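The values are calculated or read from the model by the stated rules, or taken from the named source; none is laboratory data. What you see is a predicted model, and the numbers here were worked out from it, not measured in a lab. Backbone-built Cβ (ideal geometry, glycine too); neighbour counts: all protein chains shown. Side chains are part of the model used for accessible areas, which takes the heavy atoms of the whole protein and leaves out ligands, DNA and RNA. Shrake-Rupley method; radii C 1.70, N 1.55, O 1.52, S 1.80 Å.
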Amino acid sequence: MEKTPNSSPVGENNSYDPTLYEIITAQREFFATGKTRDISFRRQLLINLRSLIRDNEGLILEALRADLGKSYREGYMTEIGMVEQEINHTLRYLKVWNSPKTVPTPYYLWPSSSIKYRHPLGVCMIFSPWNYPFLLTIQPLISSIAAGNCTILKLSEHSKHTTRLLCDLIDKYFDREYIAAYVDSFEAVKAIRREQLGLIFYTGGSTVARIIMKAAAAQLTPVVLELGGKSPCIIDKTANLRLAARRIVSGKLINAGQTCVAPDYIYIDSSVKDEFVGYVREYHDRFCQAVPTENKFYPKIINKMHFERLKNYLNDGTILMGGEVNEDACKISLTLMEKIRRDSKLASEEIFGPILPIFEFNDINIVINTLRKRPKPLALYLFTKSRECRRLVLENLDFGCGCINDTVMQLSNPHLPFGGVGDSGMGRYHGKAGFDTFSSETSLLRSSALDLNPLRYPPYDDRYLYLKILFRHFI
Ligand code: NAD
């Protein structure tokens with residue numbers, strides 16, 4: 001696809017960054033041309049995006065290493081690979097998702113037919129966080145392109161290498177009239193307050209989410225919030241403890257725990273705790289090989305502020321395993337903690353790092369009652385072989401996503417919608433759910449000129465027995 005020069009004028013009501021104003025205006029004008037409604041145009045953009053990734057794989061992996069110390073394998077597995085999978089999945093199903101769907105029509109509307117079809121929303125803005133700065137920017141972008149929108153990517157200031165690279169690549173591969181990258185958070189919020197957009201798709205913490213939502217309310221712009229929270233792991237006494245240890249340790253080691261769906265803390269039946277802790281040590285040693293803080297392939301904490309925050313958590317209880325820190329490299333080893341102080345931040349805040357508190361229980365019902373009083377988590381992981389335990393947990397607890405006998409892997413299935421509930425967010429994406437989120441549904445009744453239902457027309461009077469029979473027994 002040929003790039004064309006951006007020729008949109010800067011308007012007079014320019015009370016936020018003129019560059020951003022120019023982008024929004026240019027994207028609005030481009031959207032109005034109707035070009036993004038063409039499925040082949042969307043497919044071409046997705047193919048261009050795939051080329052961007054394939055041509056620059058090495059640069060992307062290097063940027064992820066510079067920001068978060070990710071090894072190439074981890075960077076590819078958790079960011080680039082997921083995005084390639086999503087592009088291929090979308091290219092495969094786009095036509096089906098976008099095609100109008102016929103739905104049943106009640107007999108009293110006959111002869112007519114009912115259809116639903118999807119529309120793009122317009123100019124959408126995607127706020128992405130620093131922890132998966134490539135994945136969490138590009139994955140929602142795929143849905144936005146697929147749905148036929150123009151998109152502004154609002155990248156994180158914290159992951160500066162990936163952000164800089166993405167700004168360059170987006171500029172090189174796409175015209176700003178349909179995809180643009182932008183970094184300044186404050187100017188973005190000012191723009192949201194002044195401009196009605198098609199959708200704001202925000203991934204990040206709840207404090208900023210409130211700012212975004214408030215600004216969006218000024219223009220009634222719809223908002224999707226992909227937030228975090230404390231995601232529990234529950235292990236009952238019937239669980240395969242080796243499996244639980246292996247999958248919890250690996251889930252927590254990814255990105256050194258800086259993952260929104262990472263296990264935040266463990267509830268374990270006290271009768272199996274010691275055995276489980278033994279397996280955790282075993283798998284930790286096997287997966288890390290050397291002390292993680294000295295291992296160049298073990299991810300680092302994004303910045304000093306988060307490093308200090310996490311280091312302070314180490315005083316909130318007793319360390320069972322780990323606890324090593326490397327100030328220079330900004331690394332903290334996977335740390336298992338117990339006897340957590342009830343009033344501590346470790347007990348109440350999302351950890352978002354490689355620290356894993358462990359709590360014991362004797363009765364699963366008490367765990368369920370406790371969790372019901374807490375904010376609804378983004379993810380929940382249950383390790384059990386008991387059908388009854390599974391039923392109790394699934395029937396009584398709400399959470400955005402999760403696994404039975406695994407952690408984090410739910411994200412790798414593009415057929416499973418992803419998102420939070422309550423405090424952990426609202427809205428869904430991945431695969432078709434993303435396409436639906438970035439588009440609106442139009443419902444249409446195609447009526448005939450034949451009138452087979454005289455009851456609908458005035459004049460009305462006080463007789464309504466026919467209607468009563470109709471509504472009660474036939475509708
Ligand atoms: P953050 O809230 O600091 O930043 C997210 C985005 O908001 C970035 O683009 C950032 O530049 C922007 N931003 C920051 N301050 C802003 C402001 N004052 N006004 C406007 N925009 C601003 O979040 P974070 O620290 O980058 O991410 C950590 C949180 O995100 C954790 O709670 C984590 O669980 C959550 N998270 C959720 C998901 C998910 O998919 N549900 C994924 C990753 C992270």
In the stretch 66-96, which residues have a backbone nitrogen under 16 Å from the label point lying 7 Å from Ser40's Cα in the Cα-to-Cβ direction?
95
The chain accessible area per residue, 1.4 Å probe, protein heavy atoms, integer Å², reads 47 Å²
When the Kirkwood radius is taken over all Cα pairs of the chain, what Stokes-Einstein diffusion coefficient follows at 37 °C and 0.692 mPa s, in µm²/s?
134 µm²/s
Selection from Gln44, Tyr464, Leu411, by position along the positive dipole direction of the chain (Cβ):
Tyr464
Relative packing of peptides 444-456, 166-178 - highest average C-beta neighbours within 10 Å first
166-178, 444-456
Out of the DSSP beta bridges found with both residues in the stretch 285-364, what percent are antiparallel (nearest 5)?
60 percent
Return the whole-Å distance between the Cα centroid of the stretch 81-113 and the Cα centroid of the stretch 196-256.
28 Å
Given contacts defined as C-alpha pairs under 8 Å and at least six residues apart, what's the relative contact order of the stretch 39-183, whole-number percent?
25 percent
Would you kindly state how much longer the chain becomes between Lys339 and Phe186 on full extension, computed as 0.36 nm times their sequence separation minus their alpha carbon distance, in nm to one decimal?
51.0 nm
Which order, highest average first, do 75-84, 316-325 follow once you tally other Cβ atoms within 10 Å for each residue and take the mean per peptide?
75-84, 316-325
Computed from the beta carbon distance with a Förster radius of 35 Å, FRET efficiency for Asp461 and Thr102 to the nearest 0.05 stands at 0.45
Please give the calculated 222 nm ellipticity per residue for the chain, where each DSSP H segment of at least 4 residues contributes -39500 (n - 2.57) and the sum is spread over every residue; nearest 500 deg cm²/dmol?
-12500 deg cm²/dmol
Which percent of the accessible heavy-atom area of the chain goes to carbon and sulfur, probe 1.4 angstrom?
54 percent
